[in-house]
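J.: Submitted below is the structure of interest, expressed as structure tokens.
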Amino acid sequence: MRFGLTLLAFIGLGAVYLSFWPIPIDAKAWQVPQDMGYVGDFEKNNRLSSLEIISLNGEEGPEDFAVNAQGQVFFSLLGGKIMRIGEDGSFSEFVNTGGRPLGLEFAPSGELIVADAFKGLLSVSPSGDISLLTDSVLGSKIRYADDVDVTSTGEIYFSDASTKFPAESYGTYQASLLDIMEHGGNGRVIHYSPITKESRIIVSGLQFANGISVTHDESAILINETGTYSVLKHWIKGEKAGQTETLISNLPGFPDNINKGSNQNYWLGLVSPRSKALDLLAPFPFLREAVQRLPKVLRPKAQHYGHVVSINDRGEILLSLQDPEDTYSYTTGAAESGPWLYLSSLHERRIARVKYPLK
């Protein structure tokens, strides 16, 4: 009898905990598209099996690559460093932002533009001098600068992934998990003018705004909306200027970075396959909040899988390159430089590259 009462008490306490313990998210219901899995254009393959892996000597998180006009390759790391790859393949530190540099892109002036999740939008001169371009927009703090691209005239577009979950407070990875679990439309895309030094919001209400790429003809920007498994297209010129449409929907994974390729294409990184548990919980905010109260090990999280995709301006899939053997996982994107396609990663302590075009 006493054991039964004790068990009921524990069950009652557990129910109260799962229902009312304070958590940072306020989950919203949404209708998730049915996960079609790795079929059709995304049929499983091992086309990344010939990756060359290069150790980072203990450093972690080569999130994004950028290539300057001279063909030099730079990449960002979790600890704040931006590294440069020499002609002999060795690494050297270019700068340390003191934050968490994520997206990188070179401006026509030769300056490296950095979306730093902790600091905001930065500019780094060729000699390594760091300056803050902006850390706010219309009086609103930029809390998670994520990815960035620059037009041929120097106009800058970048994503603020989550206005609710600051990357510096939670860490970039944990903040992304919270924002995606909440599905509260906390993401936005910002335009920064190097002439007026002013920022303005051009798209808001996004479900974790992530990768950004100006299109090859510079009529629009492509936006990876991680929380809806989608790539959006926001027009910045022409009759549709100011309009946003869905270019690709129902991807089999979470889209992260997007970079222009050399052949009028774009490289899209899928950082992880979709979570069946998260999809099932999508219509039930109360249950998502209960799951958020569980220990971290029991919550949905990124899975090991390597996957980068090449698309065109119409959203057609040109290539789907996969690594199901987990040689190199958590792929955030890809960038071309000379004969190489470099792969970036959220958590790896290595960089990876493969000869491109693939044979």
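J.: Would segment 24-355 count as rounded, prolate or oblate if I go by the C-alpha gyration tensor, calling it rounded below 1.5 in a/c and otherwise prolate when a/b exceeds b/c, oblate otherwise? Walk me through the intermediate numbers first.
T.: Values: a/c = 1.32, a/b = 1.14, b/c = 1.16.
It comes out rounded by the Cα gyration axes.
J.: Going by amide H atoms built from the backbone, whose H comes under 5 Å of the H on Val95, apart from near neighbours?
T.: Distant-sequence amide H within range of Val95: Ile82.
J.: Separate question: Just to check I understand the Karplus step: with θ = phi - 60° and J = 6.51 cos²θ - 1.76 cosθ + 1.60, what whole-Hz values come out for segment 101-108, glycine and proline as x?
T.: Per-residue couplings from phi come out as x, 10, x, 10, 7, 8, 7, x Hz.
J.: Right, here's the next one. Which trypsin sites (Lys or Arg not before Pro) in segment 181-219 pass both tests, a DSSP loop state and at most 12 other beta-carbon atoms within 10 Å?
T.: On the way: sites: Arg188, Lys197, Arg200; in loops: Lys197.
Those satisfying the criteria are Lys197.
J.: Within segment 260-314, list the trypsin sites (Lys or Arg not before Pro) lying in a DSSP loop whose Cβ has at most 10 other Cβ atoms in a 10 Å radius.
T.: Arg314
J.: Using a ≥ b ≥ c from the Cα gyration tensor of segment 54-180 (square roots of the eigenvalues), is it rounded, prolate or oblate, where a/c under 1.5 gives rounded and otherwise the larger of a/b and b/c decides, a/b for prolate?
T.: oblate
J.: Output ³J(HN,Hα) for segment 225-242: one whole-Hz value per residue in order, computed from phi by the Karplus curve 6.51 cos²θ - 1.76 cosθ + 1.60 with θ = phi - 60°, and x for Gly and Pro.
T.: 9, 4, x, 10, 6, 10, 10, 9, 10, 10, 7, 10, 9, x, 4, 8, 3, x
J.: With each pseudo-label sitting 7 Å past Cα toward Cβ, what's the Asn263-Ser127 distance in nm, one decimal?
T.: 4.2 nm
J.: Run the helix sum for the chain: -39,500 (n - 2.57) per DSSP H stretch of 4+ residues, divided by residue count, reported at 222 nm to the nearest 500 deg cm²/dmol.
T.: That comes out to -4000 deg cm²/dmol.
J.: Also, I was wondering about something else. On full extension of the chain, what length is gained from Trp340 through Phe284, given 0.36 nm per residue of separation minus the C-alpha to C-alpha distance?
T.: Full-extension gain reported as 15.7 nm.
J.: If the reach is capped at under 30 angstrom between alpha carbons, list the lysines near Lys141, excluding any in the same chain fewer than eight residues apart.
T.: Correct list for Lys141: Lys28, Lys81, Lys119, Lys164, Lys197, Lys233, Lys237, Lys240, Lys260, Lys296, Lys301.
J.: Could I ask something else about it? Using 1/(1 + (r/R0)^6) with R0 = 51 angstrom and r between the beta carbons of Asp313 and Trp21, what's the FRET efficiency to the nearest 0.05?
T.: It comes to 0.60.
J.: Expressed as an acute angle from 0 to 90° and rounded to the nearest 10, what is the orientation of the C-alpha long axis of helix 2-20 relative to the principal long axis of the chain?
T.: 40 degrees
J.: Are there GluC sites (Glu not before Pro) in segment 133-210 that DSSP marks as loop and that have at most 13 other Cβ atoms within 10 Å, and which are they?
T.: Glu198
J.: With +1 on each Lys and Arg Cβ and -1 on each Asp and Glu Cβ, and nothing else charged, work out how big the dipole of the chain is about its Cα centre, in Debye to the nearest 20. Display every interim value, and only then the final one.
T.: On the way: 31 positive and 41 negative charges, 222 e Å.
Charge dipole, the chain, about its Cα centre: 1060 debye, nearest 20.
J.: Run the quick spin-label model on Arg299 and Glu218: label points 7 Å from Cα toward the beta carbon, then report their separation in nm to one decimal.
T.: 4.2 nm
J.: Using only Cα atoms, tell me the angle between helix 172-182 and the longest principal axis of the chain; keep it within 0 to 90° and round to the nearest 10.
T.: With both axes taken from Cα atoms, the answer is about 50 degrees.
J.: Under 5 Å between amide H atoms, partner at least 5 residues away or on a different chain: which partners does Val214 have, H built in plane at 1.01 Å?
T.: Here Val150, Leu222 satisfy the definition.
J.: Taking H as built 1.01 Å from N, whose amide H comes closer than 5 Å to the amide H of Phe284, not counting residues under 5 places away?
T.: Trp30
J.: Moving to a separate point now. What are the ³J(HN,Hα) values, in whole Hz, obtained from phi via the Karplus relation 6.51 cos²θ - 1.76 cosθ + 1.60 with θ = phi - 60°, for each residue of segment 331-339 in sequence order, with x given for Gly and Pro?
T.: 5, 8, x, 8, 9, 8, 8, x, x
Taken together, the values in this text are just the output of simple stated rules run on the coordinates, not laboratory data. Quick caveat: nothing in here was measured; it's all calculated off a predicted structure. Quick reminder, even Gly has a Cβ in these numbers, built from the backbone with ideal geometry, and neighbours come from all protein chains shown.
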